[in-house]
Amino acid sequence: MVKKLSLVTGGAGFIGSNLVDFLVSKNHKVIVLDNFSTGRRSNLKKHKRSDVKIINVDISTNKNLQKYFRNVKYVFHLAGLADIVPSVKDPVSYFNSNVLGTLNVLESSRKSNIKKFVYAASASCYGLPKKFPVCEEDKINPMYPYAFTKWQAEEMVMHWAKIYKLPAISFRFFNAYGPRSRTTGAYGAVFGVFLAQKLAKKPLTIVGNGKQTRDFIHVKDLVKGLLAGALSNKKFKIYNIGNGKEVT
């Protein structure tokens, strides 16, 4: 069987490396583009070089990316800066990474004969919704530069899909957890923060009354959704990808 060729930006990160694992298990060869600002090579160490090619590149500053897209059929664009508080302190970096980086990946994709472009958007675009679960038609209310840049990039993906007939879909991620979730940094997801505190035998930090809710999805379920979307005949569509249940 001829292996399909997929490209994953941010493929050395938490979600990206789990996606690479899943793609390889489904007989894909994978090209990983990552600048290793948060991703780790160790996340991909189990893979053979014949299955996974790792390229150290910054998609926000390198406009000559198309050479990496040769013969690629599926593009999964996960690279970008996350976390809310740092985006308030440094919005320019978030714009460069999340918006300009997406533009560069889109341009390379539309100039290549790809079958599907899958964008990793964020449920943070809904802000603080008043009803749950949120649906894709709910009001967009990005409250921080991180949320705004992820949504702005999503708008660009949908526009490129319309104008250039690029077969693209977007998934708005809710809170992912699972193997390789980040346990460093002051502003990581609650699962990673709690895990780091547990390992260090420190008390868990509860902010507020502890009754805030989140939608948590296991990373292995999330990446199954990404591949299902890539292989489907769906295009020019936006989907939430989460558990659909509130957890305090």
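The values are calculated or read from the model by the stated rules, or taken from the named source; none is laboratory data. Keep in mind the model is a prediction, meaning the values are calculated, not measured. Using ideal geometry, Cβ is built from the backbone for each residue, glycine included, and neighbour counts are taken over all protein chains shown. Heavy atoms of the whole protein, side chains included, go into the accessibility calculation; ligands, DNA and RNA do not. Shrake-Rupley method; radii C 1.70, N 1.55, O 1.52, S 1.80 Å.
Scanning segment 211-248 for residues that are acidic (Asp, Glu) and modelled with pLDDT of 95 or more yields a count of 1. Scanning segment 89-137 for residues that are more than 19 Å from the chain's Cα centre (by Cα) and assigned to a helix (DSSP H, G or I) yields 89, 92, 110. Among the residues of segment 201-248, just one is hydroxyl-bearing (Ser, Thr, Tyr) and not in a loop (DSSP other than H, G, I, E, B), namely 239. You will find that of 24, 52, 72, 57, the residue that is in contact with an Asp or Glu (Cβ under 7 Å, 6 or more places away or on another chain), aliphatic (A, V, I, L, M) and farther than 21 Å from residue 146 by Cβ is 24 and no other. Would you be able to say whether some residue in segment 8-23 is out of contact with any helix residue (DSSP H, G or I) (no Cβ under 9 Å at 6 or more places or on another chain) and either among the small types (Gly, Ala, Ser) or at negative phi (or both)? No. Within segment 204-217, at least one residue is of a type in the set (Asp, Glu), surrounded by 14 or more Cβ atoms within 10 Å (Cβ to Cβ) and touching a strand residue (DSSP E or B) at 6+ places or on another chain (Cβ under 7 Å). In segment 138-172, the residue that is farthest from residue 217 (Cα to Cα) out of those that are β-branched (Val, Ile, Thr) and assigned to a helix (DSSP H, G or I) is 163.
Applying the condition of being surrounded by 24 or more Cβ atoms within 10 Å (Cβ to Cβ) and not β-branched (Val, Ile, Thr) to segment 1-13 and asking which residue is nearest to the chain's Cα centre (by Cα) yields 10. Can residue 195 be described as in contact with a helix residue (DSSP H, G or I) (Cβ under 8 Å, 6 or more places away or on another chain) and open to solvent by less than 90 Å² (accessible area, probe 1.4 Å)? In short, no.
Condition (residue is among the basic types (Lys, Arg) and in contact with a strand residue (DSSP E or B) (Cβ under 9 Å, 6 or more places away or on another chain)) applied to segment 76-94: is it met by at least one residue? So far as segment 76-94 goes, no, none of its residues is among the basic types (Lys, Arg) and in contact with a strand residue (DSSP E or B) (Cβ under 9 Å, 6 or more places away or on another chain). Just to be sure before I move on: is residue 121 under 22 Å from residue 237 (Cβ atoms), touching a Lys or Arg at 6+ places or on another chain (Cβ under 7 Å) and among the hydrophobic types (A, V, I, L, M, F, W, C) in the structure I sent? The answer is yes for residue 121. Kindly check whether there is at least one residue in segment 33-41 that is out of contact with any strand residue (DSSP E or B) (no Cβ under 6 Å at 6 or more places or on another chain) and within 20 Å of residue 109 (Cβ to Cβ). Scanning segment 33-41, I find at least one residue that is out of contact with any strand residue (DSSP E or B) (no Cβ under 6 Å at 6 or more places or on another chain) and within 20 Å of residue 109 (Cβ to Cβ), so the answer is yes. Residue check: is residue 89 more than 17 Å from residue 171 (Cβ to Cβ), modelled with pLDDT under 95, among the basic types (Lys, Arg) and open to solvent by 60 Å² or more (accessible area, probe 1.4 Å)? Against the criterion (more than 17 Å from residue 171 (Cβ to Cβ), modelled with pLDDT under 95, among the basic types (Lys, Arg) and open to solvent by 60 Å² or more (accessible area, probe 1.4 Å)), residue 89 does not qualify.
Within segment 134-147, not a single residue is touching a His at 6+ places or on another chain (Cβ under 7 Å), among the hydrophobic types (A, V, I, L, M, F, W, C) and either at pLDDT below 95 or open to solvent by less than 60 Å² (accessible area, probe 1.4 Å) (or both). Annotation note: Cβ proximity below 6 Å between a residue of segment 93-108 that is under 16 Å from residue 120 (Cβ atoms) and a residue that is among the charged types (D, E, K, R) and outside any helix (DSSP H, G or I) (sequence gap 6+ or interchain) occurs for 104/63.
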